[in-house]
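Accompanying notes for the structure given below.
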Amino acid sequence: MINEKKLTEAITEGGIPWINFFNGRLLSGEDLSKEQNSNLEGRRRLGRAVGEGIAYGLEVSIPEGVNTRETPYVIVKAGLAINRQGQTLSLASETNVKLTRPVNADTSSPADVTFDDCQPLQAGVYVAEAGVYLLTIAPARKNEGRAAVSGLDNIIARCNTHHAVEGTQFRLIQLGLNKEELDDPDHLRNRVAYQCFGSDNLQPPAAFSVNPLGLGPNSTRQTLLDDLRPRLLTDCDVPLAIINWTSAEGIKFVDMWSVRRRVFASSAEGKWATVLGEQRRSEGEAMFLQFQEHIKSLTVEPNAKLVATTRFDRLPSFGIIPVATENSPRGFDYRYFFKDQTYREPVFVEGARLERAIRESISYPPLTLGSGELIWLYQIRQNQQPIDAGGPGAPQPYLIFSSGHMPFYGEARFDVNRYNYSNYSSVDD
């Protein structure tokens, strides 16, 4: 039913009630509780306007030098997040989060601990033969102390809690991946990440270009996280990381950026939100950062002849990979890495273009390996020049790749490019 209102007529449906204080009024505990709830709702509405996501901190990592098969836990740094309900979730100090609890643990909240508006934790022990899990942070409240009371014949009342402390708790949700996905550990991290990005469905730029005037209000992608809502992943939760954990090997990887998002506000652009909304930019940033974290994990051991398709189905539209040399063995040979892909040999560009290229790449869809689409390769002059000069302190060599849909940044520019680190057009181009 649609309400009809006249101009200047007050609309109070859904409004926040405030207690009217005046001298001589008799106040009850219920009145003061209503006032607290009104202040709480006001703060939540402000939080929802600011947006959901991680404001800072809350990075998740695997502890070094620990057997996570016997002692499965992760480290979560201090930080601040906002959930979809507008609640701020603050972790004051770095915390070790254990991933198991006793089999017969009571999963209901204790009498003095509440988890308002949210579902209880999953029951039982989380360890499986092979599993992928979503770690989230969620609100919790604990009552502390006893307050002095009167008019109750000195009987201890259940309501005489001195104060309530708003805090946080961690939740672990098992993802429903199929056996085929779990049986391919080499591709598991990449595939789960792009399921969380929703890249198995039609990309927003593609849907937009097919019919920009016909996009409906529900034209956004369905992601793996959307599949968990609302039964397992609630509006109280803020996703922190994906954890691959098996009983035989312990924690194999922690992937933050597949689910971690900076704070982004809800879109006011309606159906255009898929290309103009802040969520689209936050996902583009996350794709770039997720790849950089993944590629870093592959350089723990020398792996120069790694072929990208043995670990990745998709790449972001822009990425930076370390290059293996005699002095820097922990990198990759691009001839192997991009084997069987369509790419142009690396060309030099000036470092001044690097930041712009990264920012522009966020608006482009990811690369699908094996699709035949062109990949540009670049070297940065400011990186290679001190390496060629030799001597101590030479930087790690690296290579940049970008989608062929992005502009080509390697053209020579007069009085900008160095003559011996530049590129010249040829009749073959």
Legend entry - Estimated FRET transfer efficiency when R0 is 41 angstrom, pair Ser266-Gln396 (beta carbons, to 0.05): 0.50
Legend entry - Cross-link reach list, lysines versus Lys34, counting only Cα pairs under 20 Å and skipping chain neighbours closer than eight places: Lys142
Inset, instruction - Counting other beta carbons within 10 Å of each Cβ, put Ile173, Ile16, Ile2 in order, fewest first. - result: Ile2, Ile16, Ile173
Inset, instruction - With θ set to phi - 60°, apply the Karplus curve 6.51 cos²θ - 1.76 cosθ + 1.60 along region 17-29 and write out the HN-Hα couplings as whole Hz, x wherever there is a Gly or Pro. - result: x, 10, 5, 8, 8, 7, 4, x, 6, 8, 9, 10, x
Legend entry - Per-peptide average of other Cβ atoms within 10 Å, ordering 9-15, 60-66, 365-371, 391-397 highest first: 365-371, 60-66, 391-397, 9-15
Legend entry - Using θ = phi - 60° and Karplus 6.51 cos²θ - 1.76 cosθ + 1.60, couplings along region 264-277 (whole Hz; Gly, Pro as x): 9, 7, 4, 7, 9, 8, x, 5, 7, 4, 5, 10, 10, x
Inset, instruction - Quick one: dipole size for region 298-421, taken about the Cα centre, charges +1 on Lys/Arg Cβ and -1 on Asp/Glu Cβ, in debye to the nearest 20. - result: 100
Legend entry - log10 of Debye I(q)/I(0), alpha-carbon scatterers only, for region 276-421 at 0.15 Å⁻¹: -0.80
Legend entry - DSSP bridge orientation in region 298-421 - percent antiparallel, rounded to nearest 5: 70
Legend entry - Relative contact order (percent, whole number), region 217-362, Cα cutoff 8 Å, 6+ residue spacing: 17
Inset, instruction - Highest first, please rank the peptides 342-348, 76-82 by the mean number of other Cβ atoms sitting within 10 Å of their residues. - result: 76-82, 342-348
Inset, instruction - Measure up Lys98/Lys179; Lys179/Lys252; Lys252/Lys296; Lys305/Lys339; Lys77/Lys98 against 20 Å on the Cα-Cα distance and list the ones that go over. - result: Lys98/Lys179
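The numbers here are math on the coordinates, done by the rules we state, and not lab data. This structure is a prediction, so every number in the text was calculated from the model and none was measured. Positions of Cβ are backbone-derived with ideal geometry, glycine not excepted, and every protein chain shown enters the neighbour counts.
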